[in-house]
Amino acid sequence: MNNERQVEDTTVKEPAEMVDVNDEQNRVKVTIFGQSYTLRGSGSSERLTRLAALVDGKMNALFDQNSRLDFQTLAVLTALNLAEEYDTISSEYDSLLSALELEIKK
């Protein structure tokens, strides 16, 4: 069985969409890089949709830079890029918090 995805299939660039499924947990159907997923979580449907749209945008931007990437590599590189952004923002937050704490102690 071939797990590689054809490039022609990955060029579908549908935005994340929100479809609420009524039950006790929030569920939302989204499309990320042409693949449909049903997400379930305790956050709001709007937040899940916004996060899916962020991932979709990042994957599409990366694919636009290198259309030869297979789906799995594209997904891993997108995750690494998001992790790098998170780490940078987290470090900046910690620095700002430390500076604020020092300012409060004065």
* **Single unsatisfied condition, residue 82 versus (1) modelled with pLDDT under 95; (2) open to solvent by less than 50 Å² (accessible area, probe 1.4 Å)** => (1)
* To do: Please identify the pairs in which a residue from the stretch 19-35 that is under 13 Å from residue 45 (Cβ atoms) and modelled with pLDDT under 95 has its Cβ atom under 6 Å from the Cβ atom of a residue that is among the charged types (D, E, K, R) and assigned to a strand (DSSP E or B), counting only partners at least 6 apart or on another chain.
  => 19/29; 21/27; 25/40; 27/40
* Go through 58, 105, 29 for me and flag whichever is surrounded by fewer than 10 Cβ atoms within 10 Å (Cβ to Cβ) and basic (Lys, Arg). => 105
* Structure fact -> For the stretch 65-91, pairs from a residue that is part of a helix (DSSP H, G or I) to a residue that is open to solvent by 60 Å² or more (accessible area, probe 1.4 Å), with Cβ under 7 Å and 6 or more apart or across chains, are 78/58; 81/58; 82/58
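The values are calculated or read from the model by the stated rules, or taken from the named source; none is laboratory data. Since we're looking at a predicted model, the values are computed, not measured. Using ideal geometry, Cβ is built from the backbone for each residue, glycine included, and neighbour counts are taken over all protein chains shown. SASA here: full protein model, heavy atoms, side chains in, ligands and nucleic acids out. Shrake-Rupley method; radii C 1.70, N 1.55, O 1.52, S 1.80 Å.
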